[in-house]
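Report on the following structure.
The values are calculated or read from the model by the stated rules, or taken from the named source; none is laboratory data. Quantities reported herein were computed from a predicted structural model and do not represent experimental measurements. No Cβ is skipped: glycine too gets one built from the backbone with ideal geometry, and neighbour counts run over all protein chains shown. Side chains are part of the model used for accessible areas, which takes the heavy atoms of the whole protein and leaves out ligands, DNA and RNA. Shrake-Rupley method; radii C 1.70, N 1.55, O 1.52, S 1.80 Å.
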Amino acid sequence: MSSAGGAREGARREFGEGVLGRVTAVVYWYLIVEALLVVAALPGAVASLFLERTPGNAPLFALCLVPVGPAVSATLFALRDRTRAEGLTPASSFWQGYRLNWADALKVWVPGLVVGVVILLGLANVGAGGVPGWYAGALVTIGAGLALWLVNALVIVSFFAFRTRDVVRLAAHFLGARPLVTLGSLSLLVLATGIVALTTEALFGLFAVVWLALVLRNARPLLADVENRFTGES
């Protein structure tokens, strides 16, 4: 190869590995993973459009949300895999994560949805039938704890193959063992709730991959603890 040809090849390689190339690769990875997240959750999302927003439909809404758990787990897996993959293969990473984790994700996600429905129905009945007002505060507190536990559980099942009962215990353990992670998760849940309340679920869904990237970043100390203390890996 001539020196001029080598210089051109070096310039192309430098451009592809430069700031613009890296930014383009990240944007591409996020866009593909977001699209796949939407596709994986789409059946339930479409079905929910035909339901009235009433407390009585909470069980049906929960049923529509069932596909979201495995989709979130696959997204977390793909986002972490971006720095480990040998090529620009976000779709392969997503579907690998889905295939590996869908069953474990459902084992924590579905019970969480069931408990969430019970809490929502309880809140809907506050003030009726002699239910005291303070009961609402207790239910909201329990619901917040459930949401934080679910975040931890989905993060853990996305990267580790533990038994379900071990995931349940670890997710609860790290709520107190990693208070900064828990506080960060709470802030992200408040952010998500605010976005949905002020706009729509659809708009939040379009940027869900960014929110999940923040969840993953916030959970790094938790993942490091699990890896170092419970798997023997480093």
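From the list LEU170, LEU139, LEU100, LEU175, exactly one residue is under 26 Å from PRO59 (Cα atoms) and either touching a helix residue (DSSP H, G or I) at 6+ places or on another chain (Cβ under 6 Å) or part of a helix (DSSP H, G or I) (or both). Which is it?
Values: LEU170 fails: under 26 Å from PRO59 (Cα atoms); LEU100 fails: under 26 Å from PRO59 (Cα atoms); LEU175 fails: under 26 Å from PRO59 (Cα atoms).
Exactly one residue qualifies, and that residue is LEU139.
Starting from residues that are farther than 17 Å from VAL210 by Cα and modelled with pLDDT under 95, keep the ones in the stretch 70-117 and report whichever is surrounded by the fewest Cβ atoms within 10 Å (Cβ to Cβ).
Only one residue fits best here, namely GLU86.
Let me confirm something: among VAL190, VAL226, which residue is surrounded by 13 or more Cβ atoms within 10 Å (Cβ to Cβ) and either assigned to a helix (DSSP H, G or I) or in contact with a Gly (Cβ under 6 Å, 6 or more places away or on another chain) (or both)?
VAL226
So is LEU203 open to solvent by less than 50 Å² (accessible area, probe 1.4 Å), in a helix (DSSP H, G or I), without any contact (Cβ under 8 Å) to a residue 40 or more places away in the chain and within 30 Å of GLU34 (Cβ to Cβ) or not?
no
Criterion first (at pLDDT 95 or above, under 21 Å from LEU63 (Cα atoms) and part of a helix (DSSP H, G or I)) does VAL155 satisfy it?
no
Could you grab me the full set of residues in the stretch 37-67 that are open to solvent by 30 Å² or more (accessible area, probe 1.4 Å), over 19 Å from ALA197 (Cα atoms) and not in a loop (DSSP other than H, G, I, E, B)?
VAL38, VAL39, LEU42, PRO43, VAL46, ALA47, GLY56, PRO59, LEU60, LEU63
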